[in-house]
Amino acid sequence: MLKVGQTEEVEITGYSSEGMGVCRIDGCAVFVPNAIRGERCEVKVTHVSRNSAHGKIEKIMERSPHRISRVCPDAKLCGGCQLHHMDYMEELSFKAQKVTDALNRIGGQALETVPITGSLAHPNETDCSWSVGYRNKAQYPVAEQRGKPAAGFYKNRTHEVISVERCVILPEIFDRVRNVVIRWAEENGVSVYNEHTGTGLLRHIYVRKGAVSGQIMVCLAVNGAALPREQKLVDALRREIPGLTSVLLSVNTRNTNVVLGDEFRTIWGQSEIEDKLCGFTFRLSPRSFYQVNHDQAEQLYAKAIEYADLHGTETVLDLYCGTGTITLALSRYAGHAIGVELVPEAIEDAKQNALRNGVENTAFFCADAGEAAEKLCADGARPDVIVVDPPRKGLAPEVIETMVTMAPERIVYVSCDPATLARDVKLFSERGYSLTRAEAFDLFPRTFHVETVVLMSRVKD
Ligand code: SAH
């Protein structure tokens, strides 16, 4: 039996799905953060549960050639970039393996390693240039530190806010926005939200930037209906943030982890920003989903469109369509494209996006994907291709059932969680759809997250 405090010299033989190194001590799998496959190290057991254990590196005996020196001094504390210690080749190899393992072990497939498309910039370099500033959205929690407002990130697996001077995966201008807001809050005595007492005003600073348009939206999530000295904030942001196009307030008085509330007020400029993606212009509201890595999202969508294999006449159903990004991209090659999405603002954006891009062969519905699919099916809809891009939890069994009943030729599944994707691939394979193509895309360099797109084709009787 393993004991906390026990220290052993081990070899790291692989990775957990969260990118931790895995080794074995006394026959038990031990997960070791910041360890790289192939390394020999002294590991101290820090936590033991029924069928796994955690440890930490005490000393590295044999360093992996893939180990790089940290570019972020806060990485360990923050925990947002779990792979900050390895070079990009190793990161991509881990991600391809993670997807392959999930599809094989959970999905019942027998695939060779699934190909992965990495971020285009300098994948061989060790200066992390592939990951600098790739995210187009940030949400900084605000907390009081030493009696003053401060904004940063939650410390690994806690709600304790740590200050991070510069987060390299964000555009530098985001840090400037954060600093302007914090300075304004401090100078004007704006109170900070306390999640234990439910008092105080300022909760989160939300920033979104159009990667192509350069437009910047700043939205403050507040526990109240108004801000004191609002104009001063607007003046400071306008003075210091080039590209600023909208300043919003989101009223969130609930005791919840959800950042934005339901009610929004534009305090300066537009209520949405614009960006260009896949040749279309998109309008984006704060609550509308938009992939955080623009260039990689374009590559992912291009693959989804290739898999859809459209020839101008087909009907395509795009479930979980967000602001209609994939729907519009598909509509170019389809006879008709239908998008379904739960968030009302996103579907309103999607409709406007179709209009402003002069796209006339789309229809959008605001509904739960499962309910909409069921209704469409009952009304006799028989799409040739169905594209799905659900949140991490994947598809509910009823959604799969309805999709199968509609009997499309092809199903294209875009997923941000290989495990739930694999679970669903297995269910589809039991219902007459076989996996024919799979590819991974790295939209989130430095983190353990990875996107996958697969093609499933109807097996002919
Ligand atoms: N395809 C889009 C959005 C993908 S993200 C893009 O790539 O931009 C997943 C989307 O599913 C989000 O917009 C989310 O609001 C939506 N969603 C979550 N649960 C849903 C449900 N039950 N029914 C329909 N849409 C849902």
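The values are calculated or read from the model by the stated rules, or taken from the named source; none is laboratory data. What you see is a predicted model; the values in this text were computed from it and never measured. When we count neighbours, we look across all protein chains shown, and the Cβ atoms used for this are built from the backbone with ideal geometry, even at glycine. Accessible surface areas use protein heavy atoms only, side chains included; no ligands, DNA or RNA. Shrake-Rupley method; radii C 1.70, N 1.55, O 1.52, S 1.80 Å.
For region 439-461, enumerate the residues that are more than 19 Å from Glu298 (Cβ to Cβ) and either crowded, with 24+ Cβ neighbours inside 10 Å or touching a strand residue (DSSP E or B) at 6+ places or on another chain (Cβ under 7 Å) (or both).
Within region 439-461, Arg446, Met456, Ser457, Arg458, Val459 meet the criteria.
Determine if region 319-328 includes at least one residue that is under 30 Å from Thr253 (Cβ atoms), modelled with pLDDT under 95, near the ligand (Cβ under 9 Å from one of its atoms) and not acidic (Asp, Glu).
no
Under 7 Å between Cβ atoms, which residue pairs at least 6 apart in sequence (or on different chains) link something in region 353-375 that is not assigned by TED's automatic domain parsing to the domain that holds Ile386 with a partner that is assigned to a strand (DSSP E or B) and more than 9 Å from the ligand (Cβ to nearest atom)?
Close Cβ pairs (under 7 Å, with a partner that is assigned to a strand (DSSP E or B) and more than 9 Å from the ligand (Cβ to nearest atom)) do not exist here.
Which residues, counting only those in region 40-60, are open to solvent by 90 Å² or more (accessible area, probe 1.4 Å) and either part of a strand (DSSP E or B) or aromatic (Phe, Trp, Tyr) (or both)?
His47, Lys56, Lys59
Does any residue of region 42-52 turn out to be within 23 Å of Val453 (Cβ to Cβ) and either polar (S, T, N, Q) or over 28 Å from the mean Cα position of the chain (by Cα) (or both)?
No, region 42-52 has no match at all.
Tell me which residues, restricted to region 170-182, are in contact with a helix residue (DSSP H, G or I) (Cβ under 8 Å, 6 or more places away or on another chain) and either among the small types (Gly, Ala, Ser) or surrounded by fewer than 22 Cβ atoms within 10 Å (Cβ to Cβ) (or both).
Correct list: Arg176, Val180.
Can you pull out the residues in region 257-291 that are over 18 Å from Val177 (Cα atoms), without any contact (Cβ under 8 Å) to a residue 60 or more places away in the chain and open to solvent by 40 Å² or more (accessible area, probe 1.4 Å)?
Hits for region 257-291 are Asn257, Val258, Asp262, Glu263, Phe264, Arg265, Gly279, Arg287, Phe289.
Of all residues being in a helix (DSSP H, G or I) and hydrophobic (A, V, I, L, M, F, W, C) in region 377-412, which is farthest from Glu451 (Cα to Cα)? Just the residue, please.
Ala378
Can you pull out every residue in region 374-399 that is buried (at least 20 other Cβ atoms within 10 Å of the Cβ), away from the ligand (no atom under 13 Å from the Cβ) and acidic (Asp, Glu)?
Asp384
Looking at Glu430, is it assigned by TED's automatic domain parsing to the domain that holds Thr452 and away from the ligand (no atom under 16 Å from the Cβ)?
Answer is yes for this residue.
Output yes when any residue across region 353-373 is open to solvent by less than 30 Å² (accessible area, probe 1.4 Å), more than 26 Å from the chain's Cα centre (by Cα) and under 20 Å from Met456 (Cα atoms), and no when none is.
There is no residue in region 353-373 that is open to solvent by less than 30 Å² (accessible area, probe 1.4 Å), more than 26 Å from the chain's Cα centre (by Cα) and under 20 Å from Met456 (Cα atoms).
Return only the number of the condition from (1) open to solvent by less than 10 Å² (accessible area, probe 1.4 Å); (2) within 10 Å of the ligand (Cβ to nearest atom); (3) out of contact with any helix residue (DSSP H, G or I) (no Cβ under 8 Å at 6 or more places or on another chain) that Val343 does not satisfy.
Of (1) open to solvent by less than 10 Å² (accessible area, probe 1.4 Å); (2) within 10 Å of the ligand (Cβ to nearest atom); (3) out of contact with any helix residue (DSSP H, G or I) (no Cβ under 8 Å at 6 or more places or on another chain), only one is false for Val343: (1).
For Arg63, only one of the following conditions fails: (1) within 16 Å of Phe444 (Cα to Cα); (2) open to solvent by 50 Å² or more (accessible area, probe 1.4 Å). What is its number?
In the conditions (1) within 16 Å of Phe444 (Cα to Cα); (2) open to solvent by 50 Å² or more (accessible area, probe 1.4 Å), Arg63 misses (1) alone.
Go over the candidates Val454, Val414 one by one and state the one that is touching a Phe, Trp or Tyr at 6+ places or on another chain (Cβ under 7 Å), at pLDDT 95 or above, under 30 Å from Gly79 (Cβ atoms) and not polar (S, T, N, Q).
Testing whether each residue is touching a Phe, Trp or Tyr at 6+ places or on another chain (Cβ under 7 Å), at pLDDT 95 or above, under 30 Å from Gly79 (Cβ atoms) and not polar (S, T, N, Q) leaves just Val454.
Mind listing just one residue for me: the one in region 294-318 that is in contact with a Ser or Thr (Cβ under 9 Å, 6 or more places away or on another chain) and within 11 Å of the ligand (Cβ to nearest atom) and, of those, farthest from Ile169 (Cα to Cα)?
The qualifying residue farthest from Ile169 (Cα to Cα) is Asp318.
In region 413-423, which residues are in contact (Cβ under 8 Å) with a residue 60 or more places away in the chain and assigned to a helix (DSSP H, G or I)?
Within region 413-423, Pro418, Ala419, Leu421, Ala422, Arg423 meet the criteria.
Taking region 400-418 on its own, how many of its residues are open to solvent by 10 Å² or more (accessible area, probe 1.4 Å) and in contact with a Gly (Cβ under 8 Å, 6 or more places away or on another chain)?
So the answer is 3.
Considering every residue within region 68-80, establish whether at least one is surrounded by fewer than 19 Cβ atoms within 10 Å (Cβ to Cβ), at positive phi and not assigned by TED's automatic domain parsing to the domain that holds Pro141.
Yes, region 68-80 contains a residue that is surrounded by fewer than 19 Cβ atoms within 10 Å (Cβ to Cβ), at positive phi and not assigned by TED's automatic domain parsing to the domain that holds Pro141.
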